[in-house]
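Participant: Once you've had a glance at the structure underneath, I'll fire off some questions.
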Amino acid sequence: MKKNLLFFFFIVLFFSGTAQTGGDRVFEFLHLSPSARVTALGGQLLAVRDNDLALAAENPGLLYEGMNKQLSFNYNFHVADISNGYAAYGHHSKKLGMTFQGGVQFINYGDFTQTNEFNEVLGSFNAAEYAIHVGAAKQLYANLSVGASLKFITSQLESYQSTGLALDLGAYYRDTSSNFSAAIVIKNAGITLSSYTDNNREYLPFEINIGVAQKLKYLPFRLSINYRNLDQWNILYDDPNVIDQGPLLGDSEPQERSGFAIGMDNFFRHLSFGGEFLFGKRENFRMRIGYNHLRRAELKVANFRSLTGFSFGVGFKVSKFRVEYGRGSYHLAGGVNHLSISTSLNEFKNKRKQ
């Protein structure tokens, strides 16, 4: 059994290709937040498991029987008529002792005007990308579960098309006595089946991520910390047009940085932080705040203070539906608004019985 697992892990890494920096990979929309809750908590949430089916898109190891017959609908409003979303359904099989999920992830870039080199209008075209998710997870031990999700991806950018297959592998550990949890996820390991252009190998946005979460004992609060790109240390982007490389959160005067400062900046670019306040006996009202240092470091405007990199949101339950809102600040000019609605078909079944 151990030999089979090692062989499988080697195959996954082989097909993942070499580590690439941003802009060199296709299907980057797979990294977008799947839900308003994730958006509000900094863009990643790997080590929290409850009745939120959308979290399985972040880590398939989070699937469990509590997500049986759940429906989740998520829509993200971007700027310039760009939008992305994710919809999923969960099912638990008692016979197999496994929980399954199927979902669709998409991004629509809107309509474009098609012109020639003389700026003559020839018509219009659109661009969109889709990924179909099929995943499953199993509880191996009382504190450990593992899962996998297979994704078929298709991209249509005007007359250019590309397709691919990607695999996510995730593990989730929880210590119920201390309310501590941890997770590791291998994301988007796979290959392209067809490319936008002939004889051009394209890489998927492969990455290895880890996360931890701690729920406090005497305060209705849970802190989550996620580390992205465990497979690649240097993720710095040095913009030659930007001199200001101030402290972690600051927008200070231009200054020369030491090697230690550069290393710390690179380290924190891997991290995202999220805090969630859980109010009520059943935690039906939640307030959230998050911070993503990579987003702030790359998208802030030098010498202008802003909330770039920060995020916040709220979630509450109304009757049989859970409604979530999240806002992520991407730039001085504004941010994105994410809306999620989820429910469980079991609640409607129980209502009919009453």
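Participant: Applying the selection to region 64-90, what residues are part of a strand (DSSP E or B) and open to solvent by less than 80 Å² (accessible area, probe 1.4 Å)?
Facilitator: At the first step, the residues of region 64-90 found to be part of a strand (DSSP E or B) are 70-77, 83-90.
Scanning region 64-90 gives GLN70, LEU71, SER72, ASN74, ASN76, SER83, ASN84, GLY85, TYR86, ALA87, ALA88, GLY90.
Participant: Further question on the same structure: If I go through region 282-333 residue by residue, how many of them are over 23 Å from LEU53 (Cβ atoms) and among the acidic types (Asp, Glu)?
Facilitator: Residues in region 282-333 being over 23 Å from LEU53 (Cβ atoms) and among the acidic types (Asp, Glu): 1 in total.
Participant: Moving to a separate point now. Quick one: which residue in ILE107, ILE132 is at pLDDT 95 or above, surrounded by fewer than 15 Cβ atoms within 10 Å (Cβ to Cβ) and among the aliphatic types (A, V, I, L, M)?
Facilitator: Working: ILE107 fails: surrounded by fewer than 15 Cβ atoms within 10 Å (Cβ to Cβ).
Criteria check complete, one pass: ILE132.
Participant: Are any residues in region 267-298 surrounded by fewer than 16 Cβ atoms within 10 Å (Cβ to Cβ) and closer than 28 Å to ASP231 by Cβ, and if so, which ones?
Facilitator: Result: PHE267, single match.
Participant: A further question follows. Condition test on GLY135, is it touching a residue at least 12 places away in the same chain (Cβ under 8 Å) and either part of a strand (DSSP E or B) or of a type outside the set (Lys, Arg) (or both)?
Facilitator: Numbers: touching a residue at least 12 places away in the same chain (Cβ under 8 Å): yes; either part of a strand (DSSP E or B) or of a type outside the set (Lys, Arg) (or both): yes.
Yes: the conditions hold for GLY135.
Participant: Quick test of your reading of the structure: PHE125 fulfils all but one of (1) more than 28 Å from VAL336 (Cβ to Cβ); (2) open to solvent by 10 Å² or more (accessible area, probe 1.4 Å). Name the failing condition by number.
Facilitator: Status for PHE125: all satisfied but (1).
Participant: Taking ILE208, is it within 16 Å of the chain's Cα centre (by Cα) and either among the polar types (S, T, N, Q) or assigned to a strand (DSSP E or B) (or both)? Walk me through it before giving the result.
Facilitator: Working: within 16 Å of the chain's Cα centre (by Cα): yes; either among the polar types (S, T, N, Q) or assigned to a strand (DSSP E or B) (or both): yes.
In short, yes.
Participant: So, one more: Those residues that are polar (S, T, N, Q), closer than 19 Å to ASN76 by Cα and touching a Ser or Thr at 6+ places or on another chain (Cβ under 8 Å), I need them from region 297-354; list them, please.
Facilitator: First pass over region 297-354, keeping only residues polar (S, T, N, Q): 303, 306, 308, 311, 319, 329, 337, 340, 342-344, 346, 350, 354.
Now restrict to residues that are closer than 19 Å to ASN76 by Cα: 308, 311, 329, 337, 340, 342-343.
If the condition is that a residue be polar (S, T, N, Q), closer than 19 Å to ASN76 by Cα and touching a Ser or Thr at 6+ places or on another chain (Cβ under 8 Å), then THR308, SER311, SER329, SER340, SER342 are the ones that fit.
Participant: May I pose another question? Working only within region 342-354, note down all residues that are at pLDDT 85 or above and either touching a helix residue (DSSP H, G or I) at 6+ places or on another chain (Cβ under 9 Å) or not in a strand (DSSP E or B) (or both). Can you show your working first?
Facilitator: Step one: filter region 342-354 for residues at pLDDT 85 or above, giving 342-346.
Across region 342-354, the qualifying residues are SER342, SER344, LEU345, ASN346.
Participant: Take LEU150 and decide whether it is under 28 Å from HIS92 (Cα atoms), in contact (Cβ under 8 Å) with a residue 12 or more places away in the chain and either open to solvent by 30 Å² or more (accessible area, probe 1.4 Å) or in a strand (DSSP E or B) (or both). I'd like the intermediate steps shown before the answer.
Facilitator: Details: under 28 Å from HIS92 (Cα atoms): yes; in contact (Cβ under 8 Å) with a residue 12 or more places away in the chain: yes; either open to solvent by 30 Å² or more (accessible area, probe 1.4 Å) or in a strand (DSSP E or B) (or both): yes.
Yes; evaluated as a whole, the condition is true for this residue.
Participant: Something else: Identify the residue in region 64-91 that is modelled with pLDDT under 95 and aliphatic (A, V, I, L, M) and, among all such residues, is nearest to ALA171 (Cα to Cα).
Facilitator: ILE82
The values are calculated or read from the model by the stated rules, or taken from the named source; none is laboratory data. Here the structure is a predicted model, which is why all the values come from computation and not from measurement. With ideal geometry, Cβ positions are generated from the backbone for all residues, glycine too; neighbour counts draw on all protein chains shown. Note: areas computed on protein heavy atoms with side chains; ligands, DNA, RNA excluded. Shrake-Rupley method; radii C 1.70, N 1.55, O 1.52, S 1.80 Å.
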